[in-house]
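> After the structure tokens below, expect a handful of questions from me.
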Amino acid sequence: MKRKIGLYILSLWLLFFFVIIVTIDIPICIDEDATFIGFKELFKSNFVSVISSFFLIVGTIVYFKFRFDLKGSTNLPFTIDKIESVNYEHLTFLATYIIPLICFDLGSFRYLIVLLLLLLAMGVIYIKTDLFYANPSLALLGFHIYKVDGSFKSSKREGIILLTRHRLKEKQKVKYIKLDDRIFYVKPVRL
């Protein structure tokens with residue numbers, strides 16, 4: 001569950017980055033009598049940017065922890081019987097969720113509350129429906145998504161989702177780490 005929440009925050013990296021660009025307000029004055037407005041005032045005028053920066057940093061930590069976890073031990077390899085690339089799901093998430101959210105009036109307290117509630121609702125849906133693999137940030141970081149049928153040592157499974165940094169093909173053996181019941185991170189077995 002923690003991994004899913006973390007990957008949801010990671011999936012919103014672009015949103016947080018765009019929010020920072022849209023809302024940051026750093027007063028610059030080069031007059032001789034200019035004075036620093038103070039950290040308290042700077043924080044108040046950049047509250048949304050600071051919160052977005054915090055979540056951008058959390059997303060970065062999640063990414064490095066995810067990479068570290070993926071270096072762990074893997075289960076016995078399985079063979080890909082049928083494969084379909086579903087990389088378009090990265091773009092669907094981006095176009096459907098991230099881009100419309102940046103159009104909110106981020107200077108309005110009401111819209112910020114609505115945005116927060118919307119992000120929370122999206123997060124619950126994202127986690128309950130196991131859509132954490134359709135993550136545009138992972139696409140930017142070089143991950144691919146495949147839907148496959150595979151032959152495991154003791155059974156065959158259909159419709160499993162694979163996340164990988166490699167191009168995969170049918171009849172290829174892959175070693176895996178289980179992220180969820182039907183979602184795996186995989187690496188090709190080198191012969």
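The values are calculated or read from the model by the stated rules, or taken from the named source; none is laboratory data. Because the structure is a prediction, the values reported are computed rather than measured. Counting neighbours? That spans all protein chains shown, and the Cβs are built from the backbone with ideal geometry, glycine included.
> Are any residues in the range 1-57 surrounded by 14 or more Cβ atoms within 10 Å (Cβ to Cβ), farther than 26 Å from residue 185 by Cα and among the aliphatic types (A, V, I, L, M), and if so, which ones?
Residues satisfying the conditions are 19, 20, 22, 24, 42, 48, 50, 51.
> Restricting attention to the range 166-174, does a residue exist that is surrounded by 13 or more Cβ atoms within 10 Å (Cβ to Cβ), of a type in the set (D, E, K, R) and modelled with pLDDT under 85?
Our first condition is that a residue be surrounded by 13 or more Cβ atoms within 10 Å (Cβ to Cβ); within the range 166-174, this holds for 166, 168, 172-174.
Cutting the leftovers down to of a type in the set (D, E, K, R) gives us 173.
If we keep only those that are modelled with pLDDT under 85 too, we end up with none.
The answer is no, given that none of the residues of the range 166-174 is surrounded by 13 or more Cβ atoms within 10 Å (Cβ to Cβ), of a type in the set (D, E, K, R) and modelled with pLDDT under 85.
> For the range 127-152, name all the residues that are farther than 12 Å from residue 183 by Cα and crowded, with 22+ Cβ neighbours inside 10 Å.
Within the range 127-152, 135, 136, 137, 138, 150 qualify.
> Going by the structure shown, is residue 141 of a type in the set (A, V, I, L, M) and within 14 Å of residue 3 (Cα to Cα)?
Details: of a type in the set (A, V, I, L, M): yes; within 14 Å of residue 3 (Cα to Cα): no.
Taking the combined requirement at face value, the residue does not satisfy it.
> While we're on this one: Any residue at all in the range 41-50 that's under 30 Å from residue 131 (Cα atoms) and in contact (Cβ under 8 Å) with a residue 24 or more places away in the chain?
Checking the range 41-50: at least one residue is under 30 Å from residue 131 (Cα atoms) and in contact (Cβ under 8 Å) with a residue 24 or more places away in the chain.
> Now for a separate question. Can we say residue 161 is buried (at least 19 other Cβ atoms within 10 Å of the Cβ) and on the phi < 0 side of the Ramachandran plot? Spell out how you get there, then give the answer.
Values: buried (at least 19 other Cβ atoms within 10 Å of the Cβ): yes; on the phi < 0 side of the Ramachandran plot: yes.
Yes; evaluated as a whole, the condition is true for this residue.
> Specify which of the listed residues (141, 162) is more than 14 Å from the chain's Cα centre (by Cα) and under 21 Å from residue 65 (Cα atoms).
Every option except 162 fails the conditions.
> Here's another thing I want to ask about it. Name the residue, out of 180, 105, that is surrounded by fewer than 16 Cβ atoms within 10 Å (Cβ to Cβ), of a type in the set (Asp, Glu) and in contact with a helix residue (DSSP H, G or I) (Cβ under 6 Å, 6 or more places away or on another chain).
105
> If you don't mind, another one. Which residues, taken from the range 161-191, are assigned to a strand (DSSP E or B), farther than 14 Å from residue 87 by Cα and not basic (Lys, Arg)? Spell out the reasoning first.
Step one: of the range 161-191, the residues assigned to a strand (DSSP E or B) are 161-164, 173-178, 183-188.
Next cut, farther than 14 Å from residue 87 by Cα only: 173-178, 183-188.
Passing the criteria: 174, 176, 177, 183, 184, 185, 186, 188.
> Looking at the range 155-172, I want the residues that are within 18 Å of residue 140 (Cβ to Cβ) and have a partner that is surrounded by fewer than 11 Cβ atoms within 10 Å (Cβ to Cβ) with Cβ atoms under 7 Å, at least 6 apart or on another chain. Which pairs are those?
From the range 155-172, the pairs are 165/142.
> While we're here: I'd like to check which helices (runs of 4 or more DSSP H) are fully inside the range 1-113 and have at least 3 residues that are at pLDDT 80 or above and within 18 Å of residue 179 (Cα to Cα). Lay out the reasoning, then the answer.
Numbers: elements: 2-11, 13-23, 39-45, 47-70, 88-93.
Helices (runs of 4 or more DSSP H) meeting the threshold: 2-11, 47-70.
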